[in-house]
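The values are calculated or read from the model by the stated rules, or taken from the named source; none is laboratory data. From a predicted model like this one, the values you see are computed outputs, not experimental measurements. Cβ placement follows ideal geometry from the backbone for every residue including glycine, while neighbour counts extend to all protein chains displayed. Quick note on the areas: whole protein, heavy atoms, side chains included, nothing else; ligands and nucleic acids left out. Shrake-Rupley method; radii C 1.70, N 1.55, O 1.52, S 1.80 Å.
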Amino acid sequence: RAPRSYGGNKRGAAAQVSRRRAGAGGRFGSAGDRCSRGLMKPQEPPESGPAAALEALKQRACESVDLNAARLGALSRDIWSHPELAYAEHQAHDALTRFFSGQDLPGAAWAVQPRYKLGTAFRADWGTAAPQDPLRLAFLCEYDALPGLGHACGHNLIAEVGAAAALALKAALESLAEPAAVQITVLGTPAEEQGGGKIDLIKAGAFDGLDVVFMAHPSQENAAYLPDVAEHEKELSVLTEKVENCFKSAAVATGCKVEIKGGENDYYNVLPNKSLQKIYKENGKKLGIDFISEDAILNGLSGSTDFGNVTFVVPGIHPYFYIGSDALNHTEQYTEAAGSQTAQFYTLRTAKALAMTALDVIFKPGLLEEVRQDFRKVKLKEEEQTNPVEPRKESSVAPLRAQRQLHHHAVLLVPILMGHEVPQLVHIPVIVAAIHHHGPGLSGTLAGTARRSIQKDTQDNMTMRVAGNTFPSGWTRSMTLSVVVSWMKERLECTKNMSGTQIFFTSLPSK
């Protein structure tokens, strides 16, 4: 089903959201208004040294985003209005290649390669005439949609961010009196939701020779990095089999059917790059971006992404950005949010932060080498941790990896077992009773998640339906949870013999 509308409240609600999330702004102005005050042009002699010249370049990048805001918004609107599934994003591909081939774009032309290595991938390059081997920076665009939901993950905004950041960096470099040895590449990467288009492009050599890659993903919060669910660790193969058996046994216990589909490509976890993350946050804060705390990052999880595979071949950053809505990704509400005018402010602000970070990589002394060192160290550590292990052998790494994968699958298990829609408050506590994989620390992690979920909920009364019983609004939270957990215990026993999984139950604080 196609999304209902593109647009939103340009005043009222949007203004309130801007005040709540944008903060006081910063040197460059949270709405970009300060990016057009005509500060010192970078080609003029820097009176205060390299630092001032770099800030002037960032100023020029911000101005470029503002000047191109209308055409960038139109590009995003075009993609959003014509949602296409993985490997079939022909309209989005054509819209993006037309955009970068357009004669109305400021500055020198881009060299555009349609259908680059995949039928709906593309590549656009721009570089200076500097004779030496250039530094190659790439911005990635995603543009595939979800079946029946349209752009419920905001990939139209990912494409817009990549295009905007690339134009901004290009504008800043073109303003230099002497060209910098830099090549900017925009890669259109299809099929993130299903199939793993970036993995196909890696195999085809599309990322060969690149030095640093940038992209950003819409979310409910602003974060330079979030831990993600990984599928490639060999030590999780046994756990995966157990979880799949739990799904199957849950289907038997509830009279349901379960179908488990796998893809050809495994999605790797995103390797963090602390140097890039630090600089991105510094730039984002100048623009008024309010990032979530480190504790929230450690306790948070993102979904898998094929960008993780990219970070195993080239250093990169994959921050998350708020778009003016607290709706969850992959919902109809998020589809509408991704197509709203409100989202444009946050999307273009994120593009500015990415372009400013790219300028730091180019001009800040020593930063590029720090980025490369982070990449080498994290990749080496990851490779050491993912050596094959015995299925039942205890490992100092496997439990931590298992926590993240187990959390992901357990969340999916609950609604299957219950067979009824229930408030989110009940989902997480029930997970605590769901599955226990060998290895220390898992039960504590899940119980902690449950406690945080309960503490977030402020309602003492609720109406819910479980196993055919309707509980009146007068029932308290503890009474309702007691019935739910009792019901779950009976169903969970059904999974014990079939899945070979240990069942355990953890008591939660009464509060």
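Here the 3J(HN,Hα) profile of segment 92-99, calculated from phi with Karplus coefficients 6.51, -1.76 and 1.60 at θ = phi - 60°, is 5, 4, 5, 5, 6, 5, 5, 4 Hz, Gly and Pro shown as x.
Residues whose amide H falls under 5 Å from that of Leu85, counting only those 5 or more places apart or on a different chain, are Ala145, with hydrogens built in the peptide plane.
Start at zero, step by 10 Å, and the Cα-Cα distances of segment 148-211 spread as 17, 37, 31, 12, 2, 0 percent across the bins.
Amide H to amide H, with H built 1.01 Å from N, Tyr116 comes under 5 Å of Ala121, Phe122, Arg123, counting only residues 5 or more places away or on other chains.
The calculated FRET efficiency for the pair Glu241 and His330, based on their C-beta separation and a Förster distance of 25 Å, comes to about 0.45. In order along segment 317-330, the Karplus-derived 3J(HN,Hα) couplings, from 6.51 cos²θ - 1.76 cosθ + 1.60 at θ = phi - 60°, round to 9, 9, x, 10, 9, 6, 10, x, 9, 9, 4, 7, 4, 6 Hz, and Gly and Pro are given as x.
Sequentially through segment 337-350, phi angles give Karplus couplings (6.51, -1.76, 1.60; θ = phi - 60°) of 5, 5, x, 7, 5, 4, 5, 5, 4, 6, 5, 5, 5, 5 Hz, Gly and Pro residues having no value and appearing as x. For segment 57-195, the fraction of 1.4 Å probe accessible surface lying on carbon and sulfur atoms is 52 percent.
A 1.4 Å probe over all protein chains sorts Phe99, Phe363 by accessible area into Phe363, Phe99, starting with the largest. Measuring against 18 Å, Cα to Cα, the residue pairs Lys58/Lys198; Lys58/Lys274; Lys58/Lys364 contain Lys58/Lys198; Lys58/Lys274 as the ones spanning a longer distance.
When nucleic acids and ligands are ignored and a 1.4 Å probe is applied, Arg372 ends up with an accessible area of around 80 Å².
When the convex hull of its Cα atoms is viewed from all sides, segment 95-197 shows a mean projected area of 7.0 nm². For Phe139, nonlocal amide neighbours, meaning residues 5 or more places apart or on other chains whose placed amide H falls under 5 Å from its own, are Thr185, Val186, Leu187, Phe214.
The simple spin-label model puts a point 7 Å past each Cα toward its Cβ; for Arg115 and Ser101 those points are separated by 1.2 nm.
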